[in-house]
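Here the structure comes first, spelled out in C-alpha cells, and everything after it is commentary.
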Amino acid sequence: MSRRVSPGIRLVMWTGFLFLYVPILSMIVFSFNESKLVTVWGGFSTKWYGELLRDRQMLAGAWLSLQIAFVTACGATVLGTLAAFALVRHGRFRGRTLFSGMVSAPLVMPEVITGLSLLLLFVALAPLPFMPATRGFATIVIAHMTLTLAYVTVIVQSRLATFDISLEEAAMDLGARPLTVFRTITLPLIAPALASGWLLAFTLSLDDLVIASFTAGPSTNTLPMMIFSKVRLGVTPEINALATIMVSVVAVFVVVAGVLLARQERMRLRDSQAAARG
C-alpha cells in the first residue's frame, strides 16, 4: 500500500535536491555565456566550447585522465573481485583479519597520507627492475588502483554474501566444470556488482586530484590537476564548458545503465514467474 509523504519530508527532500543540482544547472547555463565573466550574463553563445576544442593542453589532459581511469577501473575490478572471493568463499584462513584490514584501509585513510606514502614508495623502489623509473602514467594507475580496489571489494563482497550458492552446486551436480559454472552462473549474477564497482572505480580515478598530484611526474598533468591550476587564477567559461560536457557524458551513462538494469530486472521477474508456473 502506498503511503503519503508528509509535507515536511517533501520540503527537506526538495531542499536537498536544489542544494545539489542548482549549482550544476547554473554552471551549465553559464557555459553558454557570451561574457568572459562567469557571474555576468552577456548573452547566449557557444564560443567557449570552440575555445575548449582548440585548447590542446586541456584535451590532452582529458584524454590522459580517461586512459588512467579506464586502466584503473579494469585492474581494480579484477583485483577487488579476487579479494572479495577470498574473503567470502574461503572462510577463516590464516591472515584473514590482516588481509581484510589492508583491503579496507584505503577507505578510511586520508588521501594526503596515501599519496605521500605512495610517493615515498615509488622513489624508494625506482632503482629496482620492473618498477617505473620515473613517475607518470604507471605510478598514477598503481596509486589509483590501490585506492579504488577497496571500493570494488566492498561492493562485490556484499553481493557474494547474499549469493545463493546452491545454484553453483546444482550446476556442478549436473556435470559442469568449475570454470563453466563461474562463466555461466556466477559471473552473470554478480555482473551488476562488477559494473557498479567498475563505474565507481572509474569515477574515483577520473575525479582524483590529491593522490595524482603526489604520484604524477613533472610532465604528467591529469584533467583535475589542470582544472585546479586554472581555477586558482579564476574560473573561466571554458571550465564551465568542460564540466558541462563531463556532466552530459555521465548523465548518458547513468541513463543507459538504469535502462539496462531495469531490463535485466524485468527479465529476471519474467523468468521467475515462468518457473513458478512451470
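If a residue must be among the aliphatic types (A, V, I, L, M) and outside any helix (DSSP H, G or I), how many such residues does the range 156-203 contain?
Adding up the residues that qualify gives 3.
Those residues that are surrounded by 12 or more Cβ atoms within 10 Å (Cβ to Cβ) and part of a helix (DSSP H, G or I), I need them from the range 91-112; list them, please.
96, 99, 100, 102, 103, 104, 105, 106, 111, 112
If I ask for residues that are within 16 Å of residue 49 (Cβ to Cβ) and in a loop (DSSP other than H, G, I, E, B), which ones from the range 236-278 would you list?
236
Being assigned to a helix (DSSP H, G or I), under 19 Å from the mean Cα position of the chain (by Cα), free of Cβ contacts under 8 Å to residues at least 60 places away in the same chain and farther than 30 Å from residue 158 by Cα: is that true of residue 63 here?
yes
Does the range 113-134 hold any residues that are in a helix (DSSP H, G or I) and of a type in the set (S, T, N, Q), and which are they? Spell out the reasoning first.
Let us first name the residues in the range 113-134 that are in a helix (DSSP H, G or I), namely 113-125.
Listed by number, the residues that qualify are 114, 117.
I'm told residue 77 meets every condition in (1) in a helix (DSSP H, G or I); (2) of a type in the set (Ser, Thr, Tyr); (3) exposed (fewer than 13 other Cβ atoms within 10 Å of the Cβ) except one. Can you identify the failing condition by its number?
(3)
Could you tell me which of the residues 233, 206 is of a type in the set (A, V, I, L, M) and outside any helix (DSSP H, G or I)?
Being of a type in the set (A, V, I, L, M) and outside any helix (DSSP H, G or I) holds for just one of 233, 206, which is 233.
Looking at (1) more than 27 Å from residue 233 (Cα to Cα); (2) in a loop (DSSP other than H, G, I, E, B), find the lone condition where residue 37 falls short.
All conditions pass for residue 37, except number (1).
One line per residue, one yes/no per condition, for (1) within 30 Å of residue 39 (Cα to Cα); (2) modelled with pLDDT of 90 or more; (3) in contact with a Ser or Thr (Cβ under 7 Å, 6 or more places away or on another chain):
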residue: 186; (1), (2), (3): no, no, no
residue: 198; (1), (2), (3): no, yes, yes
residue: 207; (1), (2), (3): yes, no, no
residue: 227; (1), (2), (3): yes, no, no
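For residue 238, all conditions in the list (1) of a type outside the set (Ser, Thr, Tyr); (2) at pLDDT 85 or above; (3) closer than 30 Å to residue 39 by Cα; (4) in contact with an Asp or Glu (Cβ under 6 Å, 6 or more places away or on another chain) hold save one; what is the number of the exception?
(2)
For residue 42, work out the one condition from (1) buried (at least 16 other Cβ atoms within 10 Å of the Cβ); (2) part of a loop (DSSP other than H, G, I, E, B) it doesn't fulfil.
Every condition holds for residue 42 apart from (1).
The values are calculated or read from the model by the stated rules, or taken from the named source; none is laboratory data. What you see is a predicted model; the values in this text were computed from it and never measured. All Cβ positions, glycine included, derive from the backbone under ideal geometry; neighbour counts span all protein chains shown.
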